[in-house]
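Scroll down for the structure; my scribbles are underneath it.
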Amino acid sequence: MQCSFWRGLTICLISFYLSACSSDNLPGKTQDELNSLVVLEPCSQQWFVYVEDYISTSDGAGHGPDLGSLEWKSVIEFKLGLRDNEQVPDLESRAWCEYIDDKITSEHN
């Protein structure tokens, strides 16, 4: 009997916790605001996907450079109007990703 009580209590608490954490309980938040709550590490695979969603390098038929490749980074620079800008760090550096992240963040806000 006691085991059943504790099991029921545990299930109730887990259900309460899960419902409290759902995004439905964030009224008035847009998807962009919810996305901004997630911090992505620049140069991570998830960050490349985020940038690709923001600045598509695809030709519309699903063809385009591999995410994170030098060709992809060059296209991102071109689409942001940063080609031949001496302030942009080297394509192969982490500083490049941080620079692009700052650029996208400032344009997005």
Open item on the list: So, in region 91-109, how many residues would count as being surrounded by 10 or more Cβ atoms within 10 Å (Cβ to Cβ), touching a helix residue (DSSP H, G or I) at 6+ places or on another chain (Cβ under 8 Å) and either modelled with pLDDT of 95 or more or on the phi > 0 side of the Ramachandran plot (or both)?
Closed with: 5
Open item on the list: Where the second residue is surrounded by 17 or more Cβ atoms within 10 Å (Cβ to Cβ) and of a type in the set (A, V, I, L, M, F, W, C) and the first is at positive phi and in a loop (DSSP other than H, G, I, E, B) and lies in region 62-79, which pairs have Cβ atoms under 6 Å and are six or more apart or on separate chains?
Closed with: G68/F48
Task: Residue match in region 50-57 (condition: more than 13 Å from the chain's Cα centre (by Cα) and of a type outside the set (A, V, I, L, M, F, W, C)) - done: yes
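The values are calculated or read from the model by the stated rules, or taken from the named source; none is laboratory data. Being a predicted model, the structure only gives us computed values, none of them experimental. Note that each Cβ is placed from the backbone with ideal geometry, even for glycine, and that neighbours are counted across all protein chains shown.
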